[in-house]
Amino acid sequence: MESFPLSQVMAFLDGRVIRPRFLADGEQHGTTYGDRARRSPEAAGLRRYQAVASAPGTRKAQDSGRTVAELMGPVAERIQGDAGARTDYVTLIASVAVLRACRPARWSGLLRAAPPRQSPDEARRLLRRVGDAADDALRGVGILPGVGRSLDRLRPSSYADVQQVIRLAGELGADDFPLLLEHFEEQAGLKSGEFFTPRAVTRMMAELLVCEEDERLTICDPYLRGGELLAAAVESVRDTGGSTPSLTVRGTGSHEDTLRLAGMHLQLHGVQARLEKGGAAPWNEPDQLSATADRILLNPPFSADASAPRDSSPGQWPYGQPPPGSGHFAWVQHVLGRLGPRGRAAMLMPNNALSSASGQERDIRRNLVEQGRLECVIALPAKLFRGTTIPVSVWLLRKEPSPSRQVLFVDARRMGVMKSRTRRVLTEEDTSAIVQSVGAWHTDEVYSHPPPGTAVLSTAVEAAEVRERDYSLNPADYVVQAASAGRDADELEAEYERRELMLRRAQHLMLEADRQVANVQRKQAFVHPVNSAVGSNQWEERPLGELCDIQAGPSPSLIKRARSEDGDVPVVQPKHLRDRRVVAPDQVMVLHEHAERLLRAYRVAGGDILCVRTGTTGPSALVEPAQHGWILGSNLLRIRPSEHQGQEALPEYLLAFLSLPAVEEWIRARSTATTSIGSISAAALGRLPVPLPTWDEQVRIGGQFRAYDQQIVTHREFAEAAEHSRTALAECVLQRAASVVQPGTARKEQGD
């Protein structure tokens, strides 16, 4: 019997949050299995957990992101040696995590190893030992070894760095592996066909397929990426009370590196999977794994490499010949052919397969619907995948035809929250609402009240109705589309009143700014002509470098090292300099501790002026006090009026001067171009001659131009508020008219 320290068991349970639909009476959202264990009648033996909870190797799940961030910090560059070894470094972390979980004695031996001379050569020998141990572990479960070759490409600078990685990576578990997959995906520069599936999507797909009644299952992924779909299926089986020893897990991968990652991923989940190497078009490779499965989860490639077959045998395509150059419906039929009796599948499909104009694809859609093989289509929002904004949909398929021939359409396009400017994430509440909606339809229950804050809309239609729409599978053709769907007249009126209040506030600020500018225009005589005033007793000319400290932004690699999707400190980039102000960055964020430790010299403060140093130069921007502590971007220069001899230049005056077209042209003329993109250095900008009036004159000039800037900003904010108010009024007044384009509403009322 294999035993584990209680501290590790409880740390594992603390890291597993109970899904909303499995919460017991009295348990709140966010409750973990560790919380449940401590409240159980058998918890007497767990009371000593508090005494050992701080033992090495244990930590709360919320610390995992920080552990991974530390692993991907400065130590990563010191071990990688060069950019070409970035994916090899992620492989090192994953290998150590697997050894810690599956071969703890080998891991402990690696951690304790300490030769007399801790040279780089000894560090490489230690890496070789890690690779040999990881390959042994993979070979034991039938996975092609190759970790050793991968780690040989690393170039560690010190033995201590390797031991630090071994110690930190040993703290990671199965729930942390998706973070490693994200880093591997980012570093490897994968093509669109190789992107890993977002964790929320994998969890939802698994929950849609696995239920409490499932006992012994064969689960398969015919196009294995990082093992994320199979791992989610294993988690779902456990969450429903199933036993993983009763599972048979299979997968086929097209790339050795990701195949090994998938194997390690599943090993951390305690699953011995049968994984094989295959291609992107299995219908062209009859020797590939062809055993049937009870459940298939799939995120297939949709590239030209996975297009229609070279040689079609009679009966290979029972639902229709796929068109050349497209593998969408070839994968659909391959999956249906692999399903065993009563088998079901969940697969991702590109949205252009929902209602493409291709006659061949339309025929396949028709046969899927008419023969009852298509169970459900779920339209997902855009920006879920790293590196692409293209939306996809989830198709649920079944081996046995449905007697009713009904198809459930779910429109989840408005669900999720924006984690950054380019990434949307489905929340736990979002995926639970979708799973509950599909589950309620399966059990013939009425599901019309999704959880608050979600935007899931669904309707079940007969095959005849799909036939009327020429076999379009786009949920937008069947489900209520209007943004006001689900809101009654009182809610729409309340939204309009809220927007009107915001409009009145914006109008008040705009009118106040107009009054300030009118006051400035009455006092234009205060502005002296700069050119004629220079050299007089009132004005002097000084280089910008004498008046200000000029700091160039950090290197892109330093920003990348500190970057985190869980970060809380924004990084200012050129696109955030707008109307001579800094707008809120919404894409690149860094952790607070990295901002303090790695990027402290690049933090901005109220009164700083930022300007673009690389690429297209333009107007500068003034940092407001509320933006204190944000991080200077790589392509910017920070201009900070000096205070060591008393401040001689007012930020508002400098901003007005730097915004002159002539000054912008001066900067462009002195930008050097090593490539097609010009760049100006801090030293070159420091030589810019600045006409400097008296302090009182700077205050007057700076205040006048700031008034104009405020007027520009408030007018734009008023226009935006007016647009929102108009939309809210249209939804309120034209609610009845909007129902004409809401086909699901009319049918539902008729059915009621």
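Here is a yes/no grid of residues against (1) part of a loop (DSSP other than H, G, I, E, B); (2) open to solvent by 70 Å² or more (accessible area, probe 1.4 Å); (3) in contact with a strand residue (DSSP E or B) (Cβ under 9 Å, 6 or more places away or on another chain); (4) over 22 Å from Gly567 (Cα atoms):
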residue: Ala382; (1), (2), (3), (4): yes, no, yes, yes
residue: Phe385; (1), (2), (3), (4): yes, no, yes, no
residue: Val394; (1), (2), (3), (4): no, no, yes, yes
residue: Leu397; (1), (2), (3), (4): no, no, yes, yes
residue: Pro401; (1), (2), (3), (4): yes, no, no, yes
residue: Leu408; (1), (2), (3), (4): no, no, yes, yes
residue: Thr422; (1), (2), (3), (4): yes, no, no, no
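The residue of the range 410-420 that is farthest from Pro198 (Cα to Cα), among those that are touching a residue at least 12 places away in the same chain (Cβ under 8 Å) and surrounded by fewer than 19 Cβ atoms within 10 Å (Cβ to Cβ), is Arg414. Of all residues in the range 135-175, those being in contact with a Lys or Arg (Cβ under 8 Å, 6 or more places away or on another chain) and aromatic (Phe, Trp, Tyr) number 0. Out of all the residues in the range 26-55, which are of a type in the set (Lys, Arg) and either assigned to a loop (DSSP other than H, G, I, E, B) or modelled with pLDDT under 75 (or both)? Scanning the range 26-55 gives Arg47, Arg48.
Looking at this structure, is Leu217 modelled with pLDDT under 90, over 20 Å from Val90 (Cα atoms) and aliphatic (A, V, I, L, M)? Taking the combined requirement at face value, the residue satisfies it.
Leu650 meets each of the listed conditions (1) at pLDDT below 90; (2) within 21 Å of Val713 (Cβ to Cβ) apart from (1). Could we say that Ala123 is buried (at least 21 other Cβ atoms within 10 Å of the Cβ), in contact with a Ser or Thr (Cβ under 8 Å, 6 or more places away or on another chain) and either modelled with pLDDT of 75 or more or within 18 Å of Glu70 (Cα to Cα) (or both) here? Yes: the conditions hold for Ala123.
Out of Asp311, Asp294, Asp287, one residue alone is of a type in the set (Asp, Glu) and either modelled with pLDDT of 70 or more or within 18 Å of Gly227 (Cβ to Cβ) (or both). It is Asp294. Residues of the range 547-600 that are closer than 28 Å to Val425 by Cα, small (Gly, Ala, Ser) and not in a loop (DSSP other than H, G, I, E, B): Ser557, Ala562, Ala595.
For the range 601-626, which positions are at pLDDT 90 or above and not in a loop (DSSP other than H, G, I, E, B)? Can you show your working first?
Going residue by residue through the range 601-626, those that are at pLDDT 90 or above are 601-611, 621-624.
Selection gives Ala601, Tyr602, Arg603, Ile609, Leu610, Cys611, Ala621, Leu622.
Residue count for the range 77-100 under the criterion of being at pLDDT 80 or above and either buried (at least 21 other Cβ atoms within 10 Å of the Cβ) or assigned to a loop (DSSP other than H, G, I, E, B) (or both): the result is 14. Scanning the range 538-557 for residues that are open to solvent by less than 30 Å² (accessible area, probe 1.4 Å) and at pLDDT below 85 yields one hit, Trp539. For the range 582-600, the tally of residues that are touching a strand residue (DSSP E or B) at 6+ places or on another chain (Cβ under 6 Å) and modelled with pLDDT under 75 stands at 1.
For Arg423, the conditions (1) over 18 Å from Ser458 (Cβ atoms); (2) over 21 Å from the mean Cα position of the chain (by Cα) all hold with the exception of (2).
Can you tell which of Glu375, Glu370 is at pLDDT 90 or above and open to solvent by less than 50 Å² (accessible area, probe 1.4 Å)? Walk me through how you get there before you give the answer.
Values: Glu370 fails: open to solvent by less than 50 Å² (accessible area, probe 1.4 Å).
After ruling out the rest, the residue left standing is Glu375.
So, in the range 656-704, exactly how many residues are aromatic (Phe, Trp, Tyr) and either over 22 Å from Asp579 (Cα atoms) or modelled with pLDDT of 90 or more (or both)?
Step one: of the range 656-704, the residues aromatic (Phe, Trp, Tyr) are 657, 666, 695.
After this cut, where a residue has to be either over 22 Å from Asp579 (Cα atoms) or modelled with pLDDT of 90 or more (or both) as well, the list is 657, 695.
Final tally of qualifying residues: 2.
Would you mind finding the one in Ala463, Ala476 that is modelled with pLDDT of 85 or more and farther than 22 Å from Met205 by Cβ?
Working: Ala476 fails: farther than 22 Å from Met205 by Cβ.
From the options Ala463, Ala476, the qualifying one is Ala463.
Can you tell me which residue is least open to solvent (accessible area, probe 1.4 Å) among those in the range 705-726 that are farther than 23 Å from Arg580 by Cα and without any contact (Cβ under 8 Å) to a residue 60 or more places away in the chain? Out of the qualifying residues, it is Glu723.
With respect to the conditions (1) at pLDDT 85 or above; (2) crowded, with 22+ Cβ neighbours inside 10 Å; (3) not charged (D, E, K, R), Gln164 falls short on a single one, namely (2).
Does the range 130-149 hold any residues that are in a helix (DSSP H, G or I), more than 30 Å from Arg16 (Cβ to Cβ) and open to solvent by 10 Å² or more (accessible area, probe 1.4 Å), and which are they?
Of the range 130-149, the ones in a helix (DSSP H, G or I) are 130-139, 147-149.
Next, from what is left, pick out any that are more than 30 Å from Arg16 (Cβ to Cβ): 131-132, 148-149.
Answer for the range 130-149, where residues must be in a helix (DSSP H, G or I), more than 30 Å from Arg16 (Cβ to Cβ) and open to solvent by 10 Å² or more (accessible area, probe 1.4 Å): Asp132, Gly148, Arg149.
Checked against (1) at pLDDT 80 or above; (2) not in a helix (DSSP H, G or I), Thr58 passes all but condition (1).
The values are calculated or read from the model by the stated rules, or taken from the named source; none is laboratory data. Values in this document were obtained by computation on a predicted structure and should not be read as measured data. Every residue, glycine as well, gets a Cβ built from its backbone with ideal geometry; the counts of neighbours run over all protein chains shown. Calculation scope for accessible area: heavy atoms of the full protein, side chains included, ligands and nucleic acids excluded. Shrake-Rupley method; radii C 1.70, N 1.55, O 1.52, S 1.80 Å.
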